[in-house]
1. Output the direction-averaged projected area (hull surface divided by four) of the convex hull of the alpha-carbon atoms of region 121-206, in nm².
2. With no solvent and one point on each alpha carbon, what is the Debye value of log10 I(q)/I(0) for region 31-127 at q = 0.23 Å⁻¹?
3. What is the packing order of peptides 183-190, 156-163, taking the mean over residues of other C-beta atoms within 10 Å and listing the highest first?
4. With the cut-off at 1.5 for a/c, could you classify region 161-214 from its C-alpha gyration tensor as rounded, prolate or oblate?
């Protein structure tokens, strides 16, 4: 997965975030700063065996507090905050949906994988719930660890009972307490979590479509 910084916006934004300097240095503080947008994109990888099935990735369900384009940070006392002047290139539900579609197209053996807005008919659908996608700071400050926790449910259109449920929770430490290193950790965590979802989805559909004998 490659990381691309998209652009620095000309407008100024107010982050509305206050933090003790020893926790996060200058990354989380109140004030005005140019917004920098970050985009996550899938890396190439070995594709799985071919599967004669089409999949639609639904727009993810994102827990309250993360349903924004701000990049989130959390603390041991339960506080959820956001990095000043740093945003995803789209709201988090769109960011994860786009990334998931890219990951499937890069690694899955499925015939077709399309996003929620596609008019293409697909027999199977994948619902992703984003339970966590934030940089977790330890007590006393220091370098954060990024948590990506996605729960995916693979189902057949028109049926309520899922074929497969995948719980993918990944922790990736940042190399340093600076924004580029933190976003790289987000990238690594999301990549690992979605890789598990792709593999489990392929396995589940392959098993479902394999004729039973005996």
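1. On the way: hull surface 26.3 nm².
So the Cα hull casts an average projection of 6.6 nm².
2. -1.14
3. Working: 183-190: 22.6, 156-163: 10.9.
Highest mean packing first, the order is 183-190, 156-163.
4. The shape class here is prolate.
A short reminder: the numbers here are calculations on the coordinates, not readings from a lab. Note that the structure is predicted; figures quoted are calculated from it, not measured. Don't worry about glycine lacking a Cβ; one is built from the backbone with ideal geometry, like all the others, and counts go over all protein chains shown.
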